[in-house]
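The values are calculated or read from the model by the stated rules, or taken from the named source; none is laboratory data. Here the structure is a predicted model, which means the values were calculated and not measured. Backbone-built Cβ (ideal geometry, glycine too); neighbour counts: all protein chains shown.
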Ligand code: TRP
C-alpha cells in the first residue's frame, strides 16, 4: 500500500503534531511505501513572512528526520520542488465546483480569522491538496479530523475525473491510528493544542526540559483527585492520560492502574519526565541536523526526484485523458 501525508511549514511543531501524525508515520514506513512532504505552497495562503519561509521549511524537514522518518524508507520532499502539484491543481480546479470549496469548514474559519486577506488561494487550496494526493495514487492518507472534509473532496474530485475522462485516479481512504491521537491544550483541554494558543498550553517538539516541567505542572486538572479517563467530566486529566499513553506506548488502562493511589502532582511529575525522556533523542538529533544543511538539501533533492517520477507518470495519463496531447 502507498501512504501519503504532509504538514504545512508554519513554524514550530508541537507534541500534538508528533503524537497525532509523525509518530504514526514512523511506524507506517516500516511496512508501507510512504510519501511525506512539506506543504510550503499551502503556507502562502495565510499571512507569512518570506524571510522566514525557508527556515520554517527546513525546521519541518528536520522535525521529520529527528522523529525518525527515514529518507531511505520514505520519500521526503518539499511540495513546491515538484511542479506537477501546481499543474494538476489547475487541471483539477476546472472540474471542482466553487460551491463545494466555499462550504469547507477550514476556509470559513480562516476567512473569518484573516478577514483582510481572503485570497483565492485560501478558497482553492483544497484543490491543491487533492492534487498533492492524487498525483501519487496513494491508498491511505493519515490525517487529523480537521482534514477529513478535504479528503472527502479529494475523493469526489477523483471520482468525477474518472467518470468524465476515464480512470486515472485512486480514491484514497483516511487512515486514523488506533488511539484517538487528538492532543488538547494543557490550559484549555476542550481546545486542540495549537501554536496560536497561549505559550502555556502547548509543548514544542524541541522544548527544553525545564520549560516542559513548568508547563506540565501548571496544566489544568479537574475536580476530584482520581487519575481516571473521562472526557466529559475530566478533560484535563484525560488529555494527560492520552499523552502519557502515547509516549509510553501503553494503554490508558495500564496508566490508570499505575497511578491508582497517586495524586495529580505525582502523576504530572511522572508525565513531565516521560515527555522529557521521549523527546531527548529528538532534541539531540535536531541539534546535529541543524549543522548539516548540505546533507538535508541532498535528501530533499533526491526526494523530489523520486516523487517526480511518480508525479510525471500520473501527469502523462492526465494530459492524455484531458486532450492536452
Ligand atoms: N492541509 C493539511 C493541513 O493543513 C496539510 C496537507 C497538504 C496535506 N496537502 C496534504 C495532508 C495532503 C495530507 C495530504 O494539515
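The single residue among 127, 168 that is under 30 Å from residue 302 (Cβ atoms) and within 14 Å of the ligand (Cβ to nearest atom) turns out to be 127.
Scanning segment 135-149 for residues that are within 7 Å of the ligand (Cβ to nearest atom) and touching a strand residue (DSSP E or B) at 6+ places or on another chain (Cβ under 7 Å) yields a total of 2. Residues in segment 253-273 that are buried (at least 16 other Cβ atoms within 10 Å of the Cβ) and either without any contact (Cβ under 8 Å) to a residue 60 or more places away in the chain or assigned to a loop (DSSP other than H, G, I, E, B) (or both): 8 in all. If you go through segment 195-202 one residue at a time, do you hit one that is within 25 Å of residue 103 (Cα to Cα), more than 16 Å from the ligand (Cβ to nearest atom) and surrounded by 14 or more Cβ atoms within 10 Å (Cβ to Cβ)? Checking segment 195-202: not a single residue is within 25 Å of residue 103 (Cα to Cα), more than 16 Å from the ligand (Cβ to nearest atom) and surrounded by 14 or more Cβ atoms within 10 Å (Cβ to Cβ).
From the list 164, 145, 178, pick out the single residue that is at pLDDT 95 or above and surrounded by fewer than 20 Cβ atoms within 10 Å (Cβ to Cβ).
Values: 145 fails: at pLDDT 95 or above; 178 fails: at pLDDT 95 or above.
Residue meeting the stated conditions: 164.
What about residue 69, is it in contact with a strand residue (DSSP E or B) (Cβ under 8 Å, 6 or more places away or on another chain) and away from the ligand (no atom under 14 Å from the Cβ)? Give the derivation first.
Values: in contact with a strand residue (DSSP E or B) (Cβ under 8 Å, 6 or more places away or on another chain): yes; away from the ligand (no atom under 14 Å from the Cβ): yes.
For residue 69, the condition - in contact with a strand residue (DSSP E or B) (Cβ under 8 Å, 6 or more places away or on another chain) and away from the ligand (no atom under 14 Å from the Cβ) - is met.
Among residues belonging to segment 1-34 that are near the ligand (Cβ under 9 Å from one of its atoms) and more than 18 Å from residue 177 (Cβ to Cβ), point out the one that is surrounded by the fewest Cβ atoms within 10 Å (Cβ to Cβ). That would be 10.
Residue-level check: of (1) touching a residue at least 12 places away in the same chain (Cβ under 8 Å); (2) more than 22 Å from residue 73 (Cβ to Cβ); (3) surrounded by fewer than 17 Cβ atoms within 10 Å (Cβ to Cβ), residue 287 misses just (1). Are any residues in segment 99-110 without any contact (Cβ under 8 Å) to a residue 12 or more places away in the chain and either over 17 Å from residue 147 (Cβ atoms) or assigned to a loop (DSSP other than H, G, I, E, B) (or both), and if so, which ones? 99, 103, listed by residue number. Criterion first (part of a helix (DSSP H, G or I), exposed (fewer than 12 other Cβ atoms within 10 Å of the Cβ) and in contact (Cβ under 8 Å) with a residue 24 or more places away in the chain) does residue 278 satisfy it? Considered against the rule, which asks whether it is part of a helix (DSSP H, G or I), exposed (fewer than 12 other Cβ atoms within 10 Å of the Cβ) and in contact (Cβ under 8 Å) with a residue 24 or more places away in the chain, residue 278 comes out as no. Looking across segment 203-230, the residues that are part of a loop (DSSP other than H, G, I, E, B) and surrounded by 15 or more Cβ atoms within 10 Å (Cβ to Cβ) come down to 203, 205, 206, 207, 219, 220, 221, 222, 226, 227, 228, 229.
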